[in-house]
1. Picking from ARG45, ARG66, which residue would you name as being among the charged types (D, E, K, R), open to solvent by less than 70 Å² (accessible area, probe 1.4 Å) and either within 16 Å of LEU20 (Cβ to Cβ) or at pLDDT below 95 (or both)?
2. Exactly one of (1) surrounded by 14 or more Cβ atoms within 10 Å (Cβ to Cβ); (2) within 21 Å of SER113 (Cβ to Cβ); (3) among the small types (Gly, Ala, Ser) is unmet by ALA24. Its number?
3. Sort out which residues of region 70-100 are surrounded by fewer than 17 Cβ atoms within 10 Å (Cβ to Cβ), closer than 17 Å to LEU47 by Cβ and hydroxyl-bearing (Ser, Thr, Tyr), and write them in order of number.
4. Being among the hydroxyl-bearing types (Ser, Thr, Tyr) and in a loop (DSSP other than H, G, I, E, B) is the filter here, so list the residues in region 3-25 that pass it.
5. In region 1-25, how many residues are touching a residue at least 60 places away in the same chain (Cβ under 8 Å) and either closer than 19 Å to GLN106 by Cβ or among the hydrophobic types (A, V, I, L, M, F, W, C) (or both)?
Amino acid sequence: QVQFVESGGDSVQPGGSLRLSCAASGTIFGINRMGWYRQGPGKQRELVAHITRDGDTNYSDSVKGRFTISRGNAKNTVYLEMNSLKPGDTAVYYCNAVPSFRYWGQGTQVTVSS
């Protein structure tokens, strides 16, 4: 099985920044497309950003221009730089392949409040 470990979440003020990290391990057969998902309170999980093995990126309209997804130098690592954070960004953030694998990590909590 594959394991995802997310880190970097915190509580920040609106307009603040965070950098989330993800490390994947296990029986992984080369992920072509890796993404960051989030689930806010009372909301469905949504894909907010993804990146291909070639480095092409895509973002949801809600985060475009504020978030940047990137692959790390180490294998099976991915990052999410979040700037100009808004209260609506409050959610648990998860990393996974796109489409997602059956296994999910515990996620990392991001809270944006004044």
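The values are calculated or read from the model by the stated rules, or taken from the named source; none is laboratory data. Everything numeric in this text was worked out from a predicted model, so none of it was measured. So basically every Cβ, Gly included, is an ideal-geometry build from the backbone, and we count neighbours across all protein chains shown. Note: accessible area is taken over every heavy atom of the protein model, side chains too, but ligands, DNA and RNA are not part of it. Shrake-Rupley method; radii C 1.70, N 1.55, O 1.52, S 1.80 Å.
1. ARG66
2. (2)
3. Correct list: SER70, SER100.
4. SER17
5. The qualifying residues number 17.
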